[in-house]
Amino acid sequence: MRTVFKTTYDADINLFRHGAQAFWYLSLLALMIVLPFILSDFAIGEMTNVLIWAIAGMGLMILVGQTGQASLGHAAFLAVGCYANVLLQEKLGLPFILSFPLAGVIAGLSGVALAIPTSKLHGIYLAIGTLAVSILVDDLIVIAEPLTGGINGLYAPTIDIFGIQFDRYGTPVRFYGLILFVTVLVVLAYRNILRSPLGRSFAAVRDSEISAQAMGVNVARTKAVAFGISTAITGLAGALMGHFSGIFNNETFTIIISIQMLLMIVIGGLGSIHGAFFGAVVIALLPQAIARVRDGVGALTGTSIAIPGMESAVFGAILILFILFEPMGIYGRWLKIRTYFELFPFYRRDMFRRQRSYLKTERMR
Amino acid sequence: MSLLEVENVTLKFGGVTAVNNVSFSVEEGEVFALVGPNGAGKSTLFNLVSRFYDPVAGDIRFAGESILNKAPHEIARLGIARTFQNIELFEQATVLQNLLVGRHRHRRGNLFSETLFTPFVRREERRHREAVEKVIDFLDLQPYREKYIAGLPYGVRKVVEMGRALAIEPRLLLLDEPASGLSVEETQDVAYWVEDIKTQMGVTVLMVEHDMHLVSAVSDRVMALADGKMLAIGTAQEVQNHPKVIEAYIGVADENERVVA
């Protein structure tokens, strides 16, 4: 087990706790940069998809994992980001380098607009409120047909940054590189928020609104900021999704996507950046994995099996298993395994058991 | 001018008058204790000063200015910190993070500088950390710095909560039953700390406490409440011997039913 001797306060402020940690994360980054040159185009596409989902997951994680506000409406903000990005390019002729951040800003502002009326809602009520938004946006896309193309959808143009083309099929490595770059930026922003007063005020609102107030945290405003940051990141992911899939319509961002996003971060592990990535791997690769297994079974038995709804069923089953056996998600499991080896042979089974918390002050409203 | 002035404050919950026309003032630099049986309205008074409740009548002034037009989160910015009777810590955060939330009042960065984590934000973080470390030293919380609240014993949580309130660097500290549920030794620690908070830090303390030993050891003045009404105000000795207070606690002695000792 590693013991870090801290000699300055900076040891707790820095991005990495110690040199070895920095080394491993940078190695991972180096691997992510090198991998596309080794893998097939198909695999690069899958990795790109994972990263886009991870960005979306981080967006939702800020809100659900860090601030404790449930949202079942984040597909709506994927849609806002996606449509804003493409429409800014198509209708206003803005280049991607402007339309992309603007799409994030627009999605963020719409998130703040949603947070203002819903800031008094908690738990399941907030989830239902945001669920309504998801349904609403689905319909709005259809109604605003002249702008959005309705159910026919829109085509995302090839990304062009100062004459360099980024296309999923034409230049998959370059497209992957762009997504990786955005992912790293989002991770850095997320980490910075976590280690600054803003991130702590999120945690304060999550754990006890009443004492957050007593500490001088403006709860309604903090929630609005959390919504804004969360939906802005989600909007960026939506914009990238549009470019990734090439064509999209209202069906691309249904309520099912909202639910999948929430499942993704729960399976990955609430409250951590790692969780968003683990969840993204599961959600992005599961359809492929199911298809592979199905083909394998089909080849083995000589029949073709295609069960409709298989994906949702497997997804649901995985979620139930996680909630029953590993509520802390894949990241939680990883922490346990790591601790087991770090402390070997002194790991105890109850080390991560949550203690029952003591009486809470009666909520004052 | 008194630091905190509560003037003819009344609060009703439906038909129940929780606080009935109560007035008192806390002078700068003193330890003022509120005592009384359960349901006397002590915690309600705290929640009134914290602005969690709105009084139906009366005024509350801090440093000469009415705070009734302030939102609850603005109270900490004025320099009023508080603890909670049943501990309201941020459970899924470390002790250090909890104390750092107490520094929120002193936050000078904004959304953008913090997202970019500019050198200014880093300097601010160091400054906050230094202030928090002073509190940690003061309350001997060093062993628990990196521990999550969810795994800490009750007594430590109580201390962390006091530390979090101190990290605000308040002018007025509201302690809601700082010694409830603590052992005798821990209660003595609290007594020393309250003494030091007053003398070394120059912070005025308003506390609710049932432990009369603690109250008489640390408080300059005591106010007794029962059924939302003020009974007596004075030194701990005076209040304890006040006939109305004795009546509220153990009832009035009936001449005909005197217990034979």
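The values are calculated or read from the model by the stated rules, or taken from the named source; none is laboratory data. Predicted model only: the values in this text are computed from it and were never measured. Cβ placement follows ideal geometry from the backbone for every residue including glycine, while neighbour counts extend to all protein chains displayed. With ligands, DNA and RNA removed, areas are computed over all heavy atoms of the protein, side chains included. Shrake-Rupley method; radii C 1.70, N 1.55, O 1.52, S 1.80 Å.
So which of A:L319, A:L285 is in a helix (DSSP H, G or I), open to solvent by less than 70 Å² (accessible area, probe 1.4 Å) and without any contact (Cβ under 8 Å) to a residue 60 or more places away in the chain?
Numbers: A:L285 fails: without any contact (Cβ under 8 Å) to a residue 60 or more places away in the chain.
Going through A:L319, A:L285 in turn, the sole match is A:L319.
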Residue within the range A:207-229 that is away from every other protein chain (no Cβ under 11 Å) and either open to solvent by less than 10 Å² (accessible area, probe 1.4 Å) or β-branched (V, I, T) (or both) present: yes
Flag for A:T361 being open to solvent by 50 Å² or more (accessible area, probe 1.4 Å), modelled with pLDDT under 80 and among the hydroxyl-bearing types (S, T, Y): no
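Would you pick out the residues in the range A:150-163 that are outside any helix (DSSP H, G or I), of a type in the set (V, I, T) and open to solvent by 40 Å² or more (accessible area, probe 1.4 Å)? Spell out how you get there, then give the answer.
From the range A:150-163, those outside any helix (DSSP H, G or I) are A:153-163; that's our starting set.
Narrowing the set further to residues that are of a type in the set (V, I, T) leaves A:158-159, A:161.
Of everything in the range A:150-163, just one residue is outside any helix (DSSP H, G or I), of a type in the set (V, I, T) and open to solvent by 40 Å² or more (accessible area, probe 1.4 Å), namely A:T158.
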Any hit, the range B:16-29, residues being at positive phi and in contact with a helix residue (DSSP H, G or I) (Cβ under 9 Å, 6 or more places away or on another chain): yes
Residues that are among the β-branched types (V, I, T) and either open to solvent by 10 Å² or more (accessible area, probe 1.4 Å) or in contact with an Asp or Glu (Cβ under 9 Å, 6 or more places away or on another chain) (or both), drawn from the range B:27-60: B:V31, B:V35, B:T44, B:V56, B:I60
Among residues of the range A:111-121, those that are surrounded by fewer than 17 Cβ atoms within 10 Å (Cβ to Cβ) and within 21 Å of the chain's Cα centre (by Cα), counted: 1
B:L45 being modelled with pLDDT of 95 or more and more than 9 Å from every other protein chain (Cβ to nearest Cβ): no
Pairs, first over 21 Å from A:K336 (Cα atoms) and open to solvent by 50 Å² or more (accessible area, probe 1.4 Å) in the range A:1-25, second part of a helix (DSSP H, G or I) and among the aliphatic types (A, V, I, L, M), C-beta under 9 Å, six or more apart: A:F5/A:A11; A:D12/B:L96; A:N14/A:A22; A:L15/A:A22; A:L15/A:L188
Some residue of the range B:17-34 being within 16 Å of the chain's Cα centre (by Cα), farther than 26 Å from B:G202 by Cα and outside any helix (DSSP H, G or I): no
Among (1) of a type outside the set (F, W, Y); (2) buried (at least 17 other Cβ atoms within 10 Å of the Cβ); (3) out of contact with any Gly (no Cβ under 8 Å at 6 or more places or on another chain), the one test that A:L147 misses: (2)
Filter result for B:F32 (within 14 Å of chain A (Cβ to nearest Cβ) and touching a Phe, Trp or Tyr at 6+ places or on another chain (Cβ under 9 Å)): no
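Test A:W24 against the criterion of being of a type outside the set (K, R), assigned to a helix (DSSP H, G or I) and under 12 Å from the mean Cα position of the chain (by Cα), and give yes or no.
no
Conditions (1) outside any helix (DSSP H, G or I); (2) touching a His at 6+ places or on another chain (Cβ under 8 Å), marked per residue:
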{"site": "A:L39", "(1), (2)": "yes, no"}
{"site": "A:L51", "(1), (2)": "no, no"}
{"site": "A:L60", "(1), (2)": "no, yes"}
{"site": "A:A132", "(1), (2)": "no, no"}
Residue, farthest from A:G275 (Cα to Cα), within the range A:26-67, restricted to residues that are surrounded by 13 or more Cβ atoms within 10 Å (Cβ to Cβ) and of a type in the set (S, T, Y): A:T48
In the range A:129-144, the residues that are open to solvent by 90 Å² or more (accessible area, probe 1.4 Å) and more than 14 Å from A:A75 (Cα to Cα): A:I143
Selection count where residues are of a type in the set (S, T, N, Q) and not in a helix (DSSP H, G or I), scope the range A:193-237: 3
Answer residue from the range B:104-129, given it is among the charged types (D, E, K, R), out of contact with any Lys or Arg (no Cβ under 8 Å at 6 or more places or on another chain) and within 7 Å of another protein chain (Cβ to nearest Cβ) and is nearest to B:G155 (Cα to Cα) among those: B:R129
